[in-house]
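As structure tokens, the structure follows; a few thoughts come after it.
The values are calculated or read from the model by the stated rules, or taken from the named source; none is laboratory data. The structure presented is a predicted model; accordingly, all values stated were derived computationally and were not measured. Note that each Cβ is placed from the backbone with ideal geometry, even for glycine, and that neighbours are counted across all protein chains shown. Please note that ligands, DNA and RNA were not included when accessible areas were found on the heavy atoms of the full protein model with its side chains. Shrake-Rupley method; radii C 1.70, N 1.55, O 1.52, S 1.80 Å.
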Amino acid sequence: MRTYFFLLLLSTLVSFGLTQWLARLATARGWTRNENGDSTGVPRLGGVSVFATALLMMVLLILWDNQVAARVKAELPLALGLAGAAGAVFLIGLYDDLHGARPWQKLAVQGAAALGLYFTGFRVEVVTNPFTHSATHLGWMSLPLTLLWLLAISNAFNLIDGLDGLAAGVGLFATVTLFLLAMLQAKSFVAAITVALAGALFGFLPHNFNPARIYLGDSGSLTIGLVLAALAIDSSQKGPVLLTVAIPLMIFGLPLLDVSVTTARRFLSGQPLFHRDEEHLHHRLQKIGMTPRASVLLLYGLAALFALASLLLVNYKGATAPLIALLCGILAWIVVRQMQYAEFAELDSHVRTEWHSQRRVLRNQILLRKSTDELRATSSVEDAWGVAQRILEALEFTAATCEIHGRSALQWKASTIETTAQSWTLTIPLAHEGRGIGTLRLTRPMYHEPLLFRVSP
């Protein structure tokens, strides 16, 4: 335990000093790039200090001669594979922070890094059922699920890096949680890396918290997400079966919640899934009146609750695990509801309307279908108008006028529905054999119940 404490303390001090020096150097040399591509603003090179500190701590640990170092050396191929993949993602992120990279370039490097991690040994091979405790081997599905997991978590951390201190703080919660789980499993490899990364993030945060003097940047957020996702795989797939599929999901609950909400919003509104917008969770908190600092603290609290839930799941008994997962899901839904997203408000309204009105909608559609046959059987305009009146009465229109060229207008007014001055009118052109023969105007109260039928029929 003293080795871990020393690593945490040393990495914190190194990261704090290195970040402070780097922030001053980047500002003085103009190594900054804002969203418009100009070399002004706050430097986005915080990932350099975090990555360099964590890498330096691992090198020092390998050079040590104690039990922890010996256990880490025993898994040196995993460590080298992780360092190589993280280094590749770090470099493409650094290039993006300084010059700007295209999304497909970053995704290609991330994909190659994730593939390298898979063949190194970081694989999602087994999923444990939280109800029966039985293990399911994924077989050929292991490769796509591993790649999906690594890419999703890496980019999820990048997406939440929109407020001072948010991504680094959430990363710190996830890192500490993984460290505690690794200690419960006696996995020195994961514990050593997470404690070094935790110290690097802890030393970086004072410079990144609002008002930030340096940002984490893509070099930091993408790399941290990838490393933590890989370590979560290593913890959940090897050693005693302590982790179910729910625990890694809980550890990264906040980033995954943001990704899920963003994907659902864009799908509902018909926007491209990779479209950039200002509607992430941290953006919405500010739009509903919270300050940036208060928004970050609130999201820290949510991340801490997810982390606590993941730790509780380790020692679940019986139905406790599903109950904890259900409570976290309810909490997430309550938080999203408070964000006042237009997409989810409309979805909720639509579902409520459909739930309460489906029988009436079905009844009206059946009426329209049957009335079509009645209209075909009529032999005069007057008979057809009589059928139409019964349809309009059932569909709760208040008035109708049918004008056919060469004939006097046919009028109808509902006797059972109170008319108001505020109404809307639907005008339908009537045609026969390709030429217009008149119009049909339908009137309905403005504030009456919504239409419980499809207008086209």
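Out of segment 363-384, which residues are within 46 Å of the chain's Cα centre (by Cα), under 16 Å from S456 (Cβ atoms) and of a type outside the set (S, T, N, Q)? I366, L367, L368, R369, listed by residue number.
If you check Q67, Q20, which single one turns out to be farther than 30 Å from P144 by Cβ, modelled with pLDDT of 90 or more and not basic (K, R)? Exactly one residue qualifies, and that residue is Q20. Within the bounds of segment 272-287, is there any residue that is surrounded by fewer than 11 Cβ atoms within 10 Å (Cβ to Cβ) and over 20 Å from E343 (Cβ atoms)? No, that holds for no residue.
Would you be able to say whether some residue in segment 208-218 is farther than 26 Å from L9 by Cβ, part of a helix (DSSP H, G or I) and either modelled with pLDDT of 90 or more or open to solvent by 10 Å² or more (accessible area, probe 1.4 Å) (or both)? Looking for residues that are farther than 26 Å from L9 by Cβ, part of a helix (DSSP H, G or I) and either modelled with pLDDT of 90 or more or open to solvent by 10 Å² or more (accessible area, probe 1.4 Å) (or both), one finds at least one in segment 208-218, hence yes.
Summed over segment 384-412, residues that are among the acidic types (D, E) and under 23 Å from H448 (Cα atoms) total 2. Kindly establish whether R102 is farther than 21 Å from L305 by Cβ, touching a residue at least 60 places away in the same chain (Cβ under 8 Å), open to solvent by 60 Å² or more (accessible area, probe 1.4 Å) and within 26 Å of the chain's Cα centre (by Cα). No; evaluated as a whole, the condition is false for this residue. Residue check: V68 meets all listed conditions (1) open to solvent by less than 40 Å² (accessible area, probe 1.4 Å); (2) touching a Phe, Trp or Tyr at 6+ places or on another chain (Cβ under 8 Å); (3) closer than 26 Å to S221 by Cβ but one, namely (3). Scanning segment 401-450 for residues that are closer than 16 Å to N364 by Cβ and at pLDDT 75 or above yields A414, L426, L442, R444.
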